[in-house]
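> Pasting a structure below so you can have a look.
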Amino acid sequence: MITGRAPSNVIADGLSTTLNGSTLVGAATATLTSAAGFASGTIVVIDIGGLSEVALIRSIAGAVVTFADPLTIAHASGVAFSRAIVPQAPAESAPMVRSPYLQGG
């Protein structure tokens, strides 16, 4: 899966919560204020503006989400954590990181 800065065509769909604690670059997990409505396999957008990042939820235990790939941006406690809408149309060029864990990554 792809993780990294969110292209401008990726938007939140309305299901939203906040981070209940900060995350560092390379974090594999994040604690949410509430994980209600989120599920494994959901693509999310974390934060807003120039710090926004897309990630894929691998699993959820209580309010802790585990990502399929490590985060590439640090995020402060209280920032938005939302389910993402990812259009099929290509966006402008944005720095994205392909997971080294995928075949051919």
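> Looking at the range 9-41, which of its residues are closer than 12 Å to Val64 by Cβ and of a type in the set (A, V, I, L, M, F, W, C)?
Within the range 9-41, Leu19, Ala27, Ala28, Ala30, Leu32, Ala35, Phe38 qualify.
> Tell me, please, whether a residue that is at pLDDT below 85, crowded, with 16+ Cβ neighbours inside 10 Å and assigned to a strand (DSSP E or B) can be found in the range 12-25.
yes
> Considering only residues that are surrounded by 19 or more Cβ atoms within 10 Å (Cβ to Cβ) and farther than 13 Å from Asn20 by Cβ, which ones fall in the range 57-77?
Scanning the range 57-77 gives Ile57, Phe67, Ala68, Asp69, Leu71, Ile73.
> So, one more: Count, please, the residues in the range 36-56 that happen to be of a type in the set (Gly, Ala, Ser) and surrounded by 14 or more Cβ atoms within 10 Å (Cβ to Cβ).
So the answer is 2.
> Restricting attention to the range 26-35, which residues are part of a loop (DSSP other than H, G, I, E, B), in contact with a Leu (Cβ under 9 Å, 6 or more places away or on another chain) and surrounded by 13 or more Cβ atoms within 10 Å (Cβ to Cβ)?
Ala27, Ala28, Thr33
The values are calculated or read from the model by the stated rules, or taken from the named source; none is laboratory data. Note that the structure is predicted; figures quoted are calculated from it, not measured. When we count neighbours, we look across all protein chains shown, and the Cβ atoms used for this are built from the backbone with ideal geometry, even at glycine.
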